[in-house]
Every structure is written in structure tokens, then in C-alpha cells.
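Colleague: Please read through the structure below; I'll follow up with questions.
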Amino acid sequence: MRMKEDHMRNGQLKSGYNVQMVTENQFILGYSVHQRPTDTRCLIPHLEKVKSALGKLPANVIGDAGYHGEENYDYLERNEIEAIVKYSTYHREKSKAWQKDNSKIDNWTYNTEQDIWTCAAGQTLIFRRASKEKTESGFEIEHRHYRSISCEGCPLKPRCTKAEGNREVKVSLNYLRLKNQAREKLRSEDGYALAVRRMIEPEPVFGDMKNNRGFKRFLLRCLLKVSLEVGWLSLAHNLLKKAAVDTKNKGAKQVQAA
């Protein structure tokens, strides 16, 4: 994988593992180790491992944009999990530049009954064909292809597309629906509070392990041994956290008694 620590500054590849953790009040409830550089394909197998260990899935899942994607959103919805998971363009779409960008389909209008899109210039894009693709895990995504009736003479075309002909778009309506749901949850009062809570949940746990405990490299090799090593590290973290909480509570009681 390509690491953040790149002393040669040439994007060199190094042996590494992707560690995923589920935390609650900074206690580690579950973990998994993956041989993938990105988080997107780690979410579902990670939650499945947590489910096998705890007997059930969490009611809420809070994650950054690294966990977005139609397959992940669909999994969370099917398992009735409240998903507070950002998508890659969540913050950018709040900017004026994004909202004024005529090329973005987010700024267009979709007519569900007629199955047509209307672009920022008022041109109609009609359905042409459907296509399907499967992810590595076998999840099927259906794309619908739309094409403008005519972009000739449109004053917005230079800012909309570089194609010589009419504008074409490929859309997954299911992903748009799931993304809209995620947007509504993220912008709700409860959703915002949960999203903010993420800053004080898993990030401090990783920070404590790496910076305070100095654990920045695995001592073992191979997936099974590294998983055991992460398990020992998680157990040690929880014991130290429990001891710290008990000491704090004991000190608070003594102050109240005084």
C-alpha cells in the first residue's frame, strides 16, 4: 500500500494492513484487518465480523466519506441501520461554485413519471438504455443512460460538456435515492450530532495507540497473526481505558465526599 509516511516522496509501495474498528465511548467493541488500501470495500465484511462476535449489528453507523457507495448504503438500509455516512461530494456541494455548476446532475430536475432529466438550460434528456455492472463482491448496480434531445446552440454547453454531440449521462437511480437519504440524515439535528461525535470516538483511539503508545508498526506478518496482534492491542487499550475511567470516577466521588 501507499503510506502517509513516504520519506522518498515517490509514492513507494510498502507492506501494510488496513485496520477497522468499532468503538463506543472510546472502548473498542470490534475490529477487523484487511489487505485493502481503501475503506470502501472493508465496511461490509467488517460489520459482518462484528455481528458474528456480538450477535447483532449496531443501531447506528457513523463513518466518513471513505465508506460511501451504493453497495454500502444498500447494505445498511437492508439491515435497518441508521447510516450517518458522508459521500465524497457532501461538503463540496454546499459551495456556491458547486450549486452554480450547470454540468452537475445534482442541479438538474428529474421527472419520475416520465423518466426524463431537465438540465440547467431547460433541455430534456430522455432514457436511452440500461446497463448493469457487478462489484467484486457480486453486488449488482443498474445504470440508466440518458441523452439530450438537442444541445445545438445551447449557450451553456461549453460549461456543461466537452463532447461535440449532445450531452449524455449515466445514472444509478438507486444510488441517488440512497445519497439523498444520507444527505437528509446528515443535515438533520440528530444526524449532525452523531456526525460530530465521530471526532471523539474512533479517531482518539487510533491516536492514542499510535502517538501515546508508540504503536506504529506491526511486529508480526500475515493476516492471521496481524489480526491476533490487533486483538491484543485492543484488549490492552480497553483495560487501560477502564482503569482510567475507574480512577476518574473514584477521584470525583472523593471530591464530592470532601
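The values are calculated or read from the model by the stated rules, or taken from the named source; none is laboratory data. No experiment lies behind these values; they were computed from the predicted model shown. Cβ placement follows ideal geometry from the backbone for every residue including glycine, while neighbour counts extend to all protein chains displayed.
Colleague: What number of residues in region 125-140 are loosely packed, with under 15 Cβ neighbours inside 10 Å and over 25 Å from residue 72 (Cβ atoms)? Quick ask: steps written out before the conclusion?
Modeller: Pass one, region 125-140, residues loosely packed, with under 15 Cβ neighbours inside 10 Å: 126-138, 140.
Filter once more, keeping what is over 25 Å from residue 72 (Cβ atoms): 126-129.
Within region 125-140, residues that are loosely packed, with under 15 Cβ neighbours inside 10 Å and over 25 Å from residue 72 (Cβ atoms) number 4.
Colleague: For region 187-200, name all the residues that are under 14 Å from residue 84 (Cα atoms) and touching a residue at least 24 places away in the same chain (Cβ under 8 Å).
Modeller: 191, 194, 195, 197, 198
Colleague: What do you reckon, is residue 179 more than 29 Å from residue 67 (Cα to Cα) and not assigned by TED's automatic domain parsing to the domain that holds residue 85?
Modeller: So residue 179 does not fit the description; no.
Colleague: For region 61-92, which positions are charged (D, E, K, R) and assigned to a helix (DSSP H, G or I)?
Modeller: 70, 71, 74, 77, 78, 92, listed by residue number.
Colleague: Being touching a residue at least 60 places away in the same chain (Cβ under 8 Å) and under 17 Å from the mean Cα position of the chain (by Cα) is the filter; apply it to region 34-68 and report the residue that is nearest to residue 175 (Cα to Cα).
Modeller: Across region 34-68, the extreme among qualifying residues is 68.
Colleague: If you don't mind, there's one more thing I want to ask. Every residue in region 194-238 that is closer than 22 Å to residue 62 by Cα, of a type in the set (A, V, I, L, M) and modelled with pLDDT of 90 or more, please.
Modeller: 205, 209, 230
Colleague: Looking at (1) modelled with pLDDT of 90 or more; (2) over 14 Å from residue 202 (Cα atoms); (3) surrounded by 14 or more Cβ atoms within 10 Å (Cβ to Cβ), which is the only condition residue 16 fails?
Modeller: The single condition residue 16 does not satisfy is (1).
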